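Here, each number is a calculation from the coordinates, and none is a lab measurement. This structure is a prediction, so every number in the text was calculated from the model and none was measured. No Cβ is skipped: glycine too gets one built from the backbone with ideal geometry, and neighbour counts run over all protein chains shown.
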Amino acid sequence: MELLDDAYMIYLGMTFSQSGRIRTTVNGQPTTANQTRAGNFALEGHSLKFRSGTGGTERIGNLTGNTLTIIEVGVTYVYNK
């Protein structure tokens, strides 16, 4: 699986939306899919806890300056403003 692009939008009222595209290749055939998520977040010091409105895994990100870093098992996502 390849992450082609991904973006978080942070809104007043402690809500967010995320949108991106992933490509999966099976038997040499690539398929591209859009993924979206929306929900709320909590600010705890320099950390943001993202909770999807549909449930699922809570993502925790570290905010340093204009950079948001989210670390999950085996994958690190870095977002720059």
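Summing charges over all other residues whose Cβ lies under 11 Å from the Cβ of Thr32, with Lys and Arg as +1 and Asp and Glu as -1, gives 0.
Given their separation in residues at 0.36 nm each and the Cα-Cα distance between them, Leu4 and Ser47 gain 13.0 nm when the chain is fully extended. Given Gln18, Tyr77, Met1, which one lies farthest toward the positive end of the charge dipole of the chain, if we put +1 on the Cβ of every Lys and Arg and -1 on the Cβ of every Asp and Glu? Of the options given, the answer is Gln18.
Simple point charges give the picture: +1 on the Cβ of Lys and Arg, -1 on the Cβ of Asp and Glu, and for the chain a dipole about the Cα centre of about 120 debye.
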